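Remarks on the structure that follows.
The values are calculated or read from the model by the stated rules, or taken from the named source; none is laboratory data. Predicted, not measured: the structure shown is a model, and the values here were computed from it. Here Cβ is always computed from backbone atoms with ideal geometry, including for glycine, and neighbour counts include all displayed protein chains. The area values use the complete protein model at the heavy-atom level, side chains included, leaving out ligands, DNA and RNA. Shrake-Rupley method; radii C 1.70, N 1.55, O 1.52, S 1.80 Å.
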Amino acid sequence: QVQLVESGGGLVQAGGSLRLSCQASGSIFGINIMGWYRQAPGDQRELVATITRAGTTNYADSVQGRVTISRDNAKNTAYLQMNSLKPEDTAIYYCWTTAVGRNYWGQGTQVTVSS
């Protein structure tokens, strides 16, 4: 079992920045890739960014250039630095990982961007 705990969401004005954190615990030896997804009201959950243990990253087109994903393997923590935030970035952001063939999700953290 893997537990993921997110933090760092909140309310920010358009153009502002937020940094999300996700700490993994439990059976973390099997974790390679970690990532962030988001879900806005009425929408499906969508990929934001992923990062491998080696540091290879992948971003959704909608956030490319505004968002940076990183991780500290020693702390089993992934980060999502979001800059130039837009109202359409408003959503619940979920940390995700996969280990031993299972998907794990955090409880989600709300990000609200006001115009």
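Numerical summary
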| read-out | value |
| --- | --- |
| Taking the chain and dividing mean pair separation by its residue count, relative contact order in percent (alpha carbons under 8 Å, at least six apart) | 37 percent |
| Projected area averaged over orientations for the chain, convex hull of C-alpha atoms, nm² | 6.7 nm² |
| Formal net charge of residues neighbouring LEU20 (Cβ-Cβ distance under 13 Å; K, R +1; D, E -1) | +1 |
| Cα centroid separation, the range 100-115 to the range 61-84 (Å) | 13 Å |
| Selection from TRP96, ASN83, LEU47, by position along the positive dipole direction of the range 46-103 (Cβ) | TRP96 |
| Cα-centred dipole magnitude for the range 13-93, charges only on beta-carbon of K, R (+1) and D, E (-1), debye, nearest 20 | 260 debye |
| Of all accessible heavy-atom area on the chain, the percent that carbon and sulfur account for (1.4 Å) | 47 percent |
